Amino acid sequence: MAQLVGEEKAKLAQKVDFRTGNEMAARAAKQINFHLMGYYPITPSTEVAEFLDEMRAEGEHEIRMIPADGEHGAAGICYGATSGGGRVFNCTASQGFLYSLEQLPVQAGSRFPMLLQLVNRSVSGPLDIRCDHSDLYFALTTGWIILLAREPQAVYDMNIVAVRIGEHPKVRLPVIVAYDGFFTSHQKRRVQYFENDEAVTDFVGRPPEFPHTLDPRQPVTVGAYMNDPDLINNKYQLKLAMDAAREVIPQILEEYGRISGRSYSFLDLYKMDDAEAAVLLINSAAETAKDVADRLREQGQRVGVVSLNVLRPFPAEELRQALRGVKALTIGERADAYGAQGGPLSHEVKAAIQEDPKNRTLCLTRVYGLGGKDFYAEDAEEFFNLALKAAETGQVDTRFDYHGVTPGDPDKPPMQVLPPLTKEEVSPGLVQVSRNEETGELKVKPIARWQLPVQAKRIAAGHGACPGCGILPALNLFFRGIEGDVVIVNQTGCAEIVTSGYPFSNHRVTYIHNLFQNGAATLAGLVEMFQERQRRGDLPADEDVTFVMISGDGGMDIGIGAALGAAIRNHKMIILEYDNQGYMNTGSQLSYSTPLGHMTTTSHVGPAQAGKAFHHRDTPQILASCHIPYVFTGTEAFPDDLVKKAAKAQWYAKNEGLVYGKVLIACPLNWRSEDRLGAKILETAVNCRFFPLYEVEQGITKLTYDPDRTRHHVDVPDWLGLMGKTRHLLQPQYAPQLEALEAEIERRWQRLKAMHDHPQL
C-alpha cells in the first residue's frame, strides 16, 4: 500500500516553472491529448497553435492539427469533429471569434462538448490587437459554459477541469476558457503543472460514449429542422444542462483541488468577510486590485475584491451571499453595451442583488481598459474610493461612466501631413494602352525605367515595415503602371499595419481598411456605389477612379469566398495579392500559399514533422476559372513585366470587369533570409519555375517569361538554399518532401506551357 501511495504521489508530482498563459493552454492541451484541433491564426491566441505544432513536430502529442481557411471554417471543422465523438480543441480572439460566432449556438444546441480558448482582445473597429472584453460579451448567449482565468496558472487548471465539466453526462456542453490577451496570454508568471501527462489523462478520463456520427450501425440525424413545440423543448433541455453545470462544476473543482492543491470556486473572494466597500473585476485586473486592497486595509479601510471564475452559468446566488454585507460596489467592465448604461456584467450583478431582499448594495459601473489600456494600482484605488464614498454617504453621484478617457483638444484638429496627389502627379501620360480590334489583345507601350520616378508614389515613405520587406516596393512598382486617381481597400495584414497606424497614414489616396475575410465585398460595394451615384448625377460623370483591393498575409485564404463572389459578379475592380507565403502579420504561420515542406511557426520541422504537409494553393488558376477578364502574376524582380501588367489590369478594371493579380514579394524576417537577397530570391523563384510569370487575358493563357527559352532555368534546390525556412529540405532525410515539391512545380509548369501553346485550353 505504501508503494502504491508512493507511485501515486510520483504521478501527481508538479514542476514549478515560469510560463505564459498561452504556453499553459498549450501544455494542458498536450497533456489532455485532444483528438483534433481546427484553428486559424489571430493575435493574441495564435501562440497556442504554434506551441502545440512545435511539440507535435517533436513527437510530444498526437493531436491532429487542421489549419482552416478562416475562423468560420475552423469552427465548422471543430463542430464536425465533435459530432464524431472525439475531443476537440480550438483557440481564437476578437474578430476571429465573431467570425465563428454563428457556429457556436449550433454547437451548444447539438450538445457536442469541446474546448475553446478565447484570448480576449478588442473587437474592431477601429482595429486594435490588445485586450478588452468586447469579444467575451458576444459569448454570453451562445449556450456555452464560460470559465475565466485571471493568470497563467488558472489557464492551465481551467483547461483541465473544462474537459470534465463539458463532458459530464448531465451537462454535455462546449466550454470556453477566457483570459486576457497580452496581460495573461504573453506575460510570464510562476506556475505549476503536472510533470507526468498521466496525471491529467487519468483525471479527465476517456471521452464518454455519447451518440456520435461515426457508427453506421447506429445512424443519427444531427441538426434536424424543428417546428413548434420541439425547438422550445430543445432550448429548455439546454437550460437544464446549464442548471446541471451549476451543480457539477463545484464537484469537479473540488476533485481537481485534491490532486493539484489548488482550489477554485464560482467566485474568487479576496478579503470579503467584513468588507463594506468592494470592487468587482474579472480576469487580470482583479490581481492588481488585490494589491491595492492590501494597502487600503493597512489604512483601516474595510475593502475587498470580487472576481468571477465562472461566467456561465452565472453565479447569481454566490454573488448575493458575497455582497450582503457590502454597502457599495464598483463594477469594472472592460467593454460597453452601448446605450445600456453599463455592460452585461453590471446588469447581471444588479439583477442578482435585486432578487435578494437582504441586500442593499449600491452599485456603480466604470468602463475601463478598452483596447489594452493598462489598469494600474492608481486606477484600482480610484475604483475603491468611488465605492468607499458611496458606502459612507449612501449615495451614488454617477452610476455609469468611463474611467481613463483622455479629452481631446479642440484647438488641435487633425493635421494633413501629406498633401493629396494632384491630377498632374498621378496622370503624367507615361502609361499608354491600346487594343487590337481584331484579336482583342491589349498592347502596352514600354515605359523607360528612368521615366518611372516621374509618377508620384501613392504610398509615401515613412512606413514601419521590416528591413527588406517587399510589400511597399512591389505595391509602388505596381502603381507605376496605374494612371489617374485610385481608391484602395486593404484587408488586415502587414501592408495595413505598417502604413496606417493612427494618427498617421502613408497613403496619399483614399484608403479603407476592412477585415481579412471581407475586403473584396467591401470594395465591390464601393464600386457599385460610385457607379450608381454617377448615374444619378450625385458625382461628376467624368470622374475617373480605379478601385484596388490589396490583400496578403493570408487574406486570400480567409477572404477567398468574398473574392470569388466579387469575381463571379464581375465588378470593375482589381484584387491585388502580395504573396509572402504565410500569415506574416501574426507571426509567420502557414497559409494556403505556403509551399510544401516550408517551415513556419505552425509547420515546424522535427523528428515527427517535416514542415507544411500539403501543397500551396494555385489562386491565379482558381480566379481564372471564374472567367474574369484578366489574371496575372508578377514580381518586383521583373519590374517591366509587372508595370505592363498593371497597365493592362487598369484597362480591364475600367472597361470590362474584375482583375486578379498575384505578386510574389520577399519577407526576409520570416523567410530567414538576408535582407539584401530579396530580389535574388524572387528571381530564382521565377527561374526555377516555382512562380511562373504569365497572364490569362480573356481566357487565353500566355507565359510572359520562360526561363527555359532564356536559358536562365535553375533547379528548385537553388531557390530553397537561399532561405533559412527551407534549407532543411536539402538534407537527405527530407528527400521525399523535396521530390514531391519538385514534382508539383513541374506538373504545374507543364500544364501552364500546354495552355500557353494551346489557347483553347
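The values are calculated or read from the model by the stated rules, or taken from the named source; none is laboratory data. As the structure is a computational prediction, the values presented were derived from the model and not from experiment. Cβ atoms come from the backbone with ideal geometry, glycine included; neighbour counts cover every protein chain shown.
The one condition from (1) without any contact (Cβ under 8 Å) to a residue 60 or more places away in the chain; (2) within 30 Å of Tyr734 (Cβ to Cβ) that Ser625 does not meet is (2). Within region 75-101, the residues that satisfy the criterion of being free of Cβ contacts under 8 Å to residues at least 40 places away in the same chain, touching a helix residue (DSSP H, G or I) at 6+ places or on another chain (Cβ under 7 Å) and more than 15 Å from Ile42 (Cα to Cα) are Gly76, Tyr79.
Tell me, yes or no, whether region 435-446 has at least one residue that is among the hydrophobic types (A, V, I, L, M, F, W, C) and assigned by TED's automatic domain parsing to the domain that holds Asn506.
If we filter region 435-446 for residues that are among the hydrophobic types (A, V, I, L, M, F, W, C), which is where we start, we get 442, 444.
Still in the list and also assigned by TED's automatic domain parsing to the domain that holds Asn506: 442, 444.
Yes, there is a match, as at least one residue in region 435-446 is among the hydrophobic types (A, V, I, L, M, F, W, C) and assigned by TED's automatic domain parsing to the domain that holds Asn506.
Applying the selection to region 361-373, what residues are crowded, with 18+ Cβ neighbours inside 10 Å and either among the small types (Gly, Ala, Ser) or assigned to a helix (DSSP H, G or I) (or both)? Outline the logic, then answer.
Looking only at region 361-373, we keep the residues that are crowded, with 18+ Cβ neighbours inside 10 Å, and these are 361-370, 372-373.
Listed by number, the residues that qualify are Gly369, Leu370, Gly372.
Here is a yes/no grid of residues against (1) more than 23 Å from Gly304 (Cβ to Cβ); (2) surrounded by fewer than 21 Cβ atoms within 10 Å (Cβ to Cβ):
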| residue | (1), (2) |
| --- | --- |
| Lys350 | no, yes |
| Pro357 | no, yes |
| Phe375 | no, no |
| Ala380 | no, no |
| Phe383 | no, no |
| Glu392 | no, yes |
| Gln395 | no, yes |
| Asp401 | no, yes |
| Pro407 | yes, yes |
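All told, Asp273 falls short of being part of a loop (DSSP other than H, G, I, E, B), modelled with pLDDT under 95, acidic (Asp, Glu) and more than 23 Å from Ala178 (Cβ to Cβ).
Residues in region 216-223: is at least one without any contact (Cβ under 8 Å) to a residue 60 or more places away in the chain, surrounded by fewer than 17 Cβ atoms within 10 Å (Cβ to Cβ), more than 30 Å from Gly332 (Cα to Cα) and of a type in the set (A, V, I, L, M)? If you could, list the steps in order and put the result at the bottom.
Taking region 216-223 and keeping what is without any contact (Cβ under 8 Å) to a residue 60 or more places away in the chain, we get 216-221.
When the remaining residues are screened for being surrounded by fewer than 17 Cβ atoms within 10 Å (Cβ to Cβ), the result is 216-221.
After this cut, where a residue has to be more than 30 Å from Gly332 (Cα to Cα) as well, the list is 216-221.
Still in the running and of a type in the set (A, V, I, L, M): 220.
Yes, there is a match, as at least one residue in region 216-223 is without any contact (Cβ under 8 Å) to a residue 60 or more places away in the chain, surrounded by fewer than 17 Cβ atoms within 10 Å (Cβ to Cβ), more than 30 Å from Gly332 (Cα to Cα) and of a type in the set (A, V, I, L, M).
Restricting Gly501, Gly462 to those that are at pLDDT below 95, over 24 Å from the mean Cα position of the chain (by Cα) and part of a loop (DSSP other than H, G, I, E, B) reduces the list to Gly462.
Of all residues in region 239-254, which are out of contact with any His (no Cβ under 6 Å at 6 or more places or on another chain) and either surrounded by 19 or more Cβ atoms within 10 Å (Cβ to Cβ) or in contact (Cβ under 8 Å) with a residue 24 or more places away in the chain (or both)?
We begin by selecting, within region 239-254, every residue out of contact with any His (no Cβ under 6 Å at 6 or more places or on another chain); these are 239-247, 249-254.
Listed by number, the residues that qualify are Ala241, Met242, Asp243, Ala244, Ala245, Arg246, Glu247, Ile249, Ile252, Leu253.
Answer yes if at least one residue in region 152-173 is crowded, with 21+ Cβ neighbours inside 10 Å, assigned to a loop (DSSP other than H, G, I, E, B), modelled with pLDDT of 95 or more and more than 20 Å from the chain's Cα centre (by Cα), and no otherwise. Yes, that holds for at least one residue.
Give the residue, chosen from Lys654, Lys644, that is closer than 17 Å to Phe478 by Cα, in contact (Cβ under 8 Å) with a residue 40 or more places away in the chain and surrounded by fewer than 20 Cβ atoms within 10 Å (Cβ to Cβ). Just one listed residue meets the conditions, Lys654. Pairs under 6 Å by beta carbon, first residue assigned to a strand (DSSP E or B) in region 598-612, partner surrounded by fewer than 21 Cβ atoms within 10 Å (Cβ to Cβ) and not polar (S, T, N, Q), six or more apart or different chains? Every condition considered, the pairs that remain are Val605/His728; Gly606/Ala57; Gly606/Glu58; Gln609/Ala57; Ala610/Tyr734.
Any residue at all in region 461-478 that's of a type in the set (Val, Ile, Thr) and closer than 21 Å to Gln416 by Cα?
For region 461-478, residues of a type in the set (Val, Ile, Thr) and closer than 21 Å to Gln416 by Cα: absent.
Against the numbered list (1) crowded, with 22+ Cβ neighbours inside 10 Å; (2) of a type outside the set (A, V, I, L, M); (3) within 27 Å of Ser500 (Cβ to Cβ); (4) touching a strand residue (DSSP E or B) at 6+ places or on another chain (Cβ under 6 Å), Thr601 comes up short only at (1).
Of all residues in region 654-668, how many are within 30 Å of Ala541 (Cβ to Cβ) and part of a loop (DSSP other than H, G, I, E, B)?
Restricting attention to region 654-668, the residues satisfying the condition of being within 30 Å of Ala541 (Cβ to Cβ) are 654-661.
Next, only the ones that are part of a loop (DSSP other than H, G, I, E, B) stay: 656-658.
The total comes to 3.
Only one of the listed residues (Ala448, Ala460) is touching a Leu at 6+ places or on another chain (Cβ under 6 Å) and surrounded by fewer than 21 Cβ atoms within 10 Å (Cβ to Cβ). That residue is Ala460. Here the helices (runs of 4 or more DSSP H) wholly within region 669-761 that include at least 1 residues being not assigned by TED's automatic domain parsing to the domain that holds Lys612 are 735-757.
Of all the criteria given as (1) within 26 Å of Asn385 (Cβ to Cβ); (2) over 33 Å from the mean Cα position of the chain (by Cα); (3) of a type in the set (D, E, K, R), the one not satisfied by Lys290 is (2).
Mind counting the residues in region 34-68 that are part of a helix (DSSP H, G or I) and touching a helix residue (DSSP H, G or I) at 6+ places or on another chain (Cβ under 7 Å)? Looking only at that region, the number is 6.
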